[in-house]
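**Q** Take a look at this one; I'll ask things after.
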Amino acid sequence: MTTESTQLSTILIVDDDPSTLLVSAKPLQDAGYTVLQAPGSSEALRLYAEHPNPVHLVLADIFLPPPGFQLSVEKNPYPRVNGLEMVERLLEGTRDLRIILMSGRRH
């Protein structure tokens, strides 16, 4: 990619591990991408909805922690959900979004 095209691209990284966020974000920022970081699904859904420019790619941990106690998932526009449900919610608004699912979990 050219420098001009990377300056126009925004990537949202979602991972509950702060070191993974840092290791993932730094090289992308150095390459000229705008990088948004979210430590969980709730924060990611909010960032995606409220960011003034389009998000072109979501790089997300598929094994985000399960939701904790919530009074009402239906009424909360940005609930804490698992990684797959977060992706489904992001895709409700657009099919143009590119998504890469990752995991650092060892089996």
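**Q** Filter the range 80-107 down to the residues that are assigned to a loop (DSSP other than H, G, I, E, B), of a type in the set (Val, Ile, Thr) and modelled with pLDDT of 75 or more and list them by number.
**A** 81
**Q** Then there's this: With the condition kept exactly as written, say whether any residue in the range 40-59 is of a type in the set (A, V, I, L, M), part of a loop (DSSP other than H, G, I, E, B) and modelled with pLDDT of 85 or more.
**A** Yes, the conditions are met somewhere in the range 40-59.
**Q** What's the number of the condition residue 77 fails, among (1) exposed (fewer than 13 other Cβ atoms within 10 Å of the Cβ); (2) at pLDDT 90 or above?
**A** Condition not satisfied by residue 77: (2).
The values are calculated or read from the model by the stated rules, or taken from the named source; none is laboratory data. Being a predicted model, the structure only gives us computed values, none of them experimental. Every residue, glycine as well, gets a Cβ built from its backbone with ideal geometry; the counts of neighbours run over all protein chains shown.
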